[in-house]
Structures are given as C-alpha cells and as structure tokens.
Amino acid sequence: MYWNKKIECADRSDMRRLQLTRLREEVAYEYDRVPVYRKKMDEAGVKPEDIQTLEDIQKLPFMTKEDFAENYPTGLFAADQKDIVRIHASSGTTGKPKVAGYTRRDLADWGEAVARGMTMAGQDENSVIHVSYGYGLFTGGLGAHIGGETIGATVIPMSSGNTKKQLTFLTDLKSTMLCCTPSYALTIAEAAQKAGLGPDDIALQAGLFGAEPWTQAMREDIESMLGIEAHDIYGLTEVTGPGVAISCGKGEGMHISEDLFYPEIIDPKTLEVLPDGERGELVLTTLHKQGMPVIRYRTRDICYLTHEKCACGRTTVRMSRIFGRTDDMLIIKGVNVFPSQIETVIGTIDELTLNYKILVGRVRDRDTFELQVELAEGLEIEDIAFVEALREKVSHALREMLGIGCKIRFLSAGTLPRNGGKAVRVEDTRNFND
Ligand code: DLL
C-alpha cells in the first residue's frame, strides 16, 4: 500500500528533477529571507544562481546546532510571524532550546510524510492510532498525530505516562497502531504481559517507534510480545520532527521522503561527501519548507544511505538505522540530554564540586541513568539528613533542566579518578550496533 505512489515510486530521474527545482527555490528563498544564512553564503562566495545541478549543493555552507544557539529563538525563521502557525522546540547544548516554526503548508507536508509511513505500516482510514509520544514542544506527539489525521484514521492523543491507562485505552478502543519510543513500547508490552494480555487480546497490528536509537534485538522483543510489526521512524525538530524517514519492513533501513528532504552523508572530519554504503554524518536539506528551512544541516547522526530499489517497490533513497552520534548529546529514555546541561546544574549547587560522572546503561532494554558527584571539601557523606536534603535539591534541579529523573550517588571529595588529561565525564555502556 502506498500513500503517494507517484512520489514514493517515482522514476529516479523525475525525482532528481523535482529535487533540483525545489532546491533552487529553497536556496533562493533562504538567501532572500534569512540574513544569517545569506551572510554564510556570501562568505562562501556562492549565490543562489550557482545551483545548477543537484551536485552543486556541495558548494553551499553547512548549518550546525551552533547556528541555532547563536540565533535563538527565531533568527533562523524565514516566514513572517503572521504565517507561523506552530512552534516546537528541543533541548540544545547550553540549555537553550532549538526552536522550530511551521507554516500551514509545513504542517501539511509533515502530515504527508508521516502518512506515507503509516500507510507503509498497513494503516488507513479504518485504523485507530494510539499516540503515546509526549505532546507539547517535543515533536513526537503532534507529529504522529498529524500523520494519523492525514490518513483519516481515528487518533488517540494519549501522550506518555500512566501505563495502566494506556493499556486500558489500547484494548478498549481496539487501537491498531501504537506510536511511542521503542523503550516505552517495551514498558507497555511488559505491562500487557503482566496483565495477562497476549497478542490475541489486543488489536494492534503495527508500531511506529523512534526518537531514540534501538537495536534489532529490541525490535524482535517488541514484535513478539505485542504481536505487531515494528517500524522505525526518524526525524529531528530542526528539520521538522518525526517522519523524515520511515521503515517499510520489507527492505533494510528507512525510506526518506526525498521530495521534502535531501540527504547527504559526510565524513565528519574532512566534510567530504561519502558514497552509498559508507557510514558518516547525515546532512539534511529541506526542499519545501517555509517556516524554518534548513540547508545542509549537520544532524550529528551516524548512518549510511542506499539507493537500491527496495523490495516494497519504492524507489526513494533509504537511510540505515542510526548507529550513534558525533557529538556528546545522549538520548536517555527518549529525552535529549547534553552533559553540559548537567554541569550547569551542578555548578549552581555550592555543596558539590564539578567532579562528576554520568553513567548510562541498559538493563532489560531499559535505559539506566546515574549521576555520581563529589561533595564539596569538608562535607560529611555520613550525615544522612544533610545528604538526603541535598539529594532532593539536586534531583529537583536536574529534573527542571532535563525533564527526566536520574539516580544520584554522592561521593566524598577526591574520590573520582583524575587522569590528568581530558576528563571522561560520560560512561555509556549501551550498544546500538546490533
Ligand atoms: O526525536 C523527533 C522524533 C519524534 C523522531 C518521534 C521519531 C519519533 P528531537 O527531540 O529533536 O526529535 O531529537 C532528534 O533523536 O537527531 C537522533 O539523534 C534521535 N532520533 C530520532 N529518531 C531516531 C531513530 C525527535 N528512529 C534526535 N533512531 C535525532 C535513532 C533517532 N535515533
């Protein structure tokens, strides 16, 4: 089943023609309307007219997350405020969020991209779509929502949390698709098992899981426990949200909606464009965005591309699973966390030193998150009342900054190893390569 066969199964030369037309329009629009990007292009000595072929994209300067930090909150917006109908945001390095703005047409395109994926996963206007991604500034909830509405399905805006209620709605309303992070899918699956509900008791057929890296083993667990087909969905706030690419389940990887997003893979060190099959950093250019187009945006996500025709009949380029990131952003329990945010919090609390370690791991496919931090010189770790009050204070401040909780372990001053070189602040023992 295809949502938009003309695009999804387009002849490659037709697709490239469409992409070139859109790229030229998008670059001219961005040059005209976003002074920061115009300056970058001028500095690189390139004008919109220099884009004559798709390969000419390589003449254009990159955009990075630093551009978001420097131009917070709306310096990268291209549309007039009266035409921006929605704002989303995700966390940034310094604690300053990356803010994205959408016009009506951007929302329609977003719905279209997610609709393609939902159709790949066998959903249509008869489906009941249970959305357990968070609603709000995070793009997961409203992104899945708009896709479900676009295909005309019945959408349940559950948001995340309250697993018991999730199960009740899933079963009582006979949901056919579950949309949430893969780790939350496992939580729901385990709760279903505990409640004695097997695949035959639930109407679910498929799931659209993303926003964090996951493994093949996790996919198999989710599929067998819930009796569904699990599809991978990729996206990021800066580019739109979920739906940049979605897996069809027939071939490897995720189909990119190439009429809307142009992908390149670069070597993050030399910045050279790499051929199909080679792992590198994914760079994305929006081809039809009005609110906040991005051009050659360095996502920091590591994957590879393939242009081989897929067994499902689609001709669109596919990206592999995400194997990791080139920067220090961690995704813990589906939430983006920068170590610098944690350091900022620690720095505001006098009773702590800036010697800390973040430990991230996985136990039974679930993320664990612990902060070890040293007490300031002279403070007694044996003073239980003091330590508990401090724990409360640090916990609260961290939750305010990150949006998730973390286990805190206090250490006496001087306990953490100092190696004299670059401090190793993060120990992430999760492995997303299998
Ligand atoms: O996570 C958008 C999204 C919502 C995607 C729901 C899929 C489903 P951000 O919060 O801006 O946006 O985080 C974007 O999450 O750069 C990747 O590192 C990671 N990511 C997103 N999808 C996947 C995936 C949303 N399927 C960052 N596999 C991205 C691995 C993913 N990592």
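Return yes when Gly111 is modelled with pLDDT of 95 or more, more than 12 Å from the ligand (Cβ to nearest atom) and not assigned by TED's automatic domain parsing to the domain that holds Leu398 and no when it is not. Considered against the rule, which asks whether it is modelled with pLDDT of 95 or more, more than 12 Å from the ligand (Cβ to nearest atom) and not assigned by TED's automatic domain parsing to the domain that holds Leu398, Gly111 comes out as yes. Would you check if Gly147 is buried (at least 24 other Cβ atoms within 10 Å of the Cβ), within 15 Å of the ligand (Cβ to nearest atom) and closer than 17 Å to Ser127 by Cα? Judged against the criteria, Gly147 is a match. Of the residues Arg38, Arg86, Arg33, the single one that is under 24 Å from the mean Cα position of the chain (by Cα) and more than 24 Å from His255 (Cα to Cα) is Arg86. Note on segment 215-263: residues that are touching a Leu at 6+ places or on another chain (Cβ under 8 Å), surrounded by fewer than 20 Cβ atoms within 10 Å (Cβ to Cβ) and either over 22 Å from Ala189 (Cβ atoms) or not assigned by TED's automatic domain parsing to the domain that holds Gly101 (or both) total 1. Within segment 103-140, the residues that satisfy the criterion of being in contact with a Pro (Cβ under 8 Å, 6 or more places away or on another chain) and buried (at least 19 other Cβ atoms within 10 Å of the Cβ) are Val114, Val131, Tyr133, Thr139, Gly140. Across segment 271-295, the number of residues qualifying as within 16 Å of the ligand (Cβ to nearest atom) and under 26 Å from Asn433 (Cα atoms) comes to 6.
Close Cβ contacts (under 6 Å, 6 or more residues apart or on different chains) running from residues in segment 102-125 that are part of a helix (DSSP H, G or I) to residues that are basic (Lys, Arg) comprise Asp106/Lys289. Counting the residues of segment 321-368 that are of a type in the set (S, T, N, Q), within 16 Å of the ligand (Cβ to nearest atom) and either part of a helix (DSSP H, G or I) or surrounded by fewer than 19 Cβ atoms within 10 Å (Cβ to Cβ) (or both) gives 2. Of all residues in segment 200-257, those satisfying the criterion of being in contact (Cβ under 8 Å) with a residue 40 or more places away in the chain and assigned to a helix (DSSP H, G or I) are Gln216, Ala217, Met218, Asp221, Ile222, Leu226.
The values are calculated or read from the model by the stated rules, or taken from the named source; none is laboratory data. Just so it is clear, the structure is predicted and the values come from calculations on it, not from any experiment. Quick reminder, even Gly has a Cβ in these numbers, built from the backbone with ideal geometry, and neighbours come from all protein chains shown.
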